[in-house]
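The values are calculated or read from the model by the stated rules, or taken from the named source; none is laboratory data. Please read these numbers as outputs of a predicted model, since none were measured by experiment. In this analysis, Cβ positions are derived from the backbone assuming ideal geometry, glycine residues included, and neighbour counts consider all displayed protein chains. Keep in mind that these areas ignore ligands, DNA and RNA; they rest on the heavy atoms of the full protein, side chains included. Shrake-Rupley method; radii C 1.70, N 1.55, O 1.52, S 1.80 Å.
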Amino acid sequence: MESRYDPELAWRVHGRRPDADEPPRAHVETYGCQMNVHDSEVIRGVLAEIGYEKAGGPEDADLILVNTCCVRETAEKRILGRIGELQGLKRRHPGLVIVVAGCMSQQEGAVERILRRASGVDIIMGTHNLYRLPDLIQEAAAARAGARPGPVVEVWTEARGEVVEGLPVRRDPGVRAWVTIMYGCDSFCTYCIVPYVRGRERSRLPEDIRREVEELALEGFKEVYLLGQNVNSYGRDLPAGPGRTFSGLLRELDRVEGVARIRYTTSHPRNFTDDIIEAVAECERVCENFHLPAQSGSTRILKRMNRGYTREDYLALVERIRRRVPGAAFSTDLIVGFPGETDADFEDTLSLVREVRFDSAFTFAYSPRRGTPAAEAPDQVPPEVKKERLHRLIETQNEVSLARNRELVGCEVEVLVEGEAERRPGLAAGRSRTNKLVLFRPPEGVKPADLVGREVVVRVEEAHTWSLEGRCVGDRDAGGPNAGRVRAEGRCPS
Ligand code: SF4
């Protein structure tokens, strides 16, 4: 990361000197998906590299960066409101620098909308140029000093050149680390703004990803979550070679010692090929939960969404996975009230939920996104119909989730412990290989905190809609009885 960053000039903008006792402080606020959460980890790394410390909150900061999301129209309104609010802090601290980053800035007309709402914003940048942040702060400092007044705007709708490697990352502590394997999306689903704001697919090289995962293992992270808008199409933009397909990458990363689990998100059912199913079945570290966004159970609506598969294709894919990966868990994303969705189409979605028996689902009422084809469709579904369908969908999914969890009562599942349960002091909490939240009583005399990062075996005694509860009967890391690998299906009484 080459930069012409000059601390003397940039720090002056905050009313501090680089040799002052206290370094400047930065506060990062994040909206949106996991890609954005991870981008914020990179932003914090870049800021730390040039001397910023983490602020206790916005009131305490010299620089506030809002990492925005534009996937939903409501999110944009909320974010614009928040940016407007933050401007008030400048009255108390004139040296405060406000940065707006993320995919909202890359949307058509967004820069004007941001500046109309908050003229005091100093920097507007996108998602492709995070590595330019030090230089942009520098330019903002120069602008403040009068050389070039006004906000610094650098928004690229497409990345320029290759994927930038070697950016510093400040990860949140824990057992799990997020690793971006590719950027952008080529799918152009008719409701989605992502391809327009995050650009076309660009894959990182497998050797760079492997190096990062090896470093994470050395740092003590136990679970690696691979990220991309459509990870199944990883490598399509690279010349052919080892590890340059998604299945090849999974096999490559499965060899990294020290990492206990590999997960990935998001998949696209159209690109979930048999070689990926084989890789999940054969790779010990790759977990058996399949997040396969179906979006709708109606082939007619799927076609209008430009999803590239039918209901039958989706069901056949689930069937192939179930045959090859016993105990596989399925989660999904579902949209109700897409333009033109009839009662019959909606019933198809409900029946898909019952037929697949999803373990869990993220459910949404369709909200039109400016700049996408679906937003222009004349046959929008009235809000009250969407609301009622969403309610019925959630009810149906909750029943199915509870039934799926009840099937595990009496079984032993493997849990990677993350800490003490948030609302149940004394209980430890972690995730099964199938990504279910599991709470359990630790063995006598052991505190939940002592188990963080360990893989233990839990016998399930109770099932709820969103979690399982049980007691610890084995510790894979400590050895002893019951310490063997428990794959997805769990060890169940015969
Ligand atoms: S696959 Fe479709 S929904 Fe997912 S990011 Fe790409 S365009 Fe959006």
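Quick notes
- Applying 1/(1 + (r/R0)^6) with r as the Cβ-Cβ distance of A483 and D333 and R0 = 35 angstrom yields a FRET efficiency of 0.45.
- Between the stretch 427-452 and the stretch 290-339, the C-alpha centres lie 32 angstrom from each other.
- Axis of helix 383-406 versus longest Cα principal axis of the chain: the two differ by about 50°, to the nearest ten degrees.
- Computed on the Cα atoms alone, the convex hull of the chain gives a volume of 161 cubic angstrom per residue.
- Between E207 and T273, the FRET efficiency estimated from the beta carbon spacing at R0 = 30 angstrom works out to 0.85.
- Modelled spin-label separation between L402 and E384, with each label point placed 7 Å from Cα along the Cα-to-Cβ direction: 2.9 nm.
- C-alpha long axis of helix 343-356 to longest principal axis of the chain, angle in °: 60
- Accessible surface, per residue, of the chain when the full set of protein chains is kept, probe 1.4 Å, Å²: 43
- Spin-label model distance (nm) - E395 vs N306, 7 Å beyond Cα toward Cβ: 3.6
- Pairwise FRET efficiency - D254 versus R91, Cβ, R0 = 56 Å, nearest 0.05: 0.55
- Among beta bridges that DSSP assigns inside the chain, antiparallel share in %, nearest 5: 35
- Projected label points at V409 and E219, each 7 Å from Cα along the beta carbon direction, are separated by 4.2 nanometres.
- With 27 Å as the limit, the listed pairs K54/K447; K303/K386; K303/K387; K54/K222; K77/K436 have K54/K447; K77/K436 beyond it between alpha carbons.
- Stretching R12 away from R370 to a fully extended chain increases their span by 124.9 nm, per 0.36 nm per residue minus the current alpha-carbon distance.
- When its C-alpha radius of gyration is set against 2.2 N^0.38 Å (N residues), the stretch 412-475 gives a value of 0.94.
- Charge dipole of the stretch 123-196 about the Cα centre (unit charges at C-beta), most positive-ward option of P173, Y196, V163: P173
- Helix-only mean residue ellipticity at 222 nm for the chain, each DSSP H run of n ≥ 4 adding -39500 (n - 2.57), per residue, nearest 500: -9500 deg cm²/dmol
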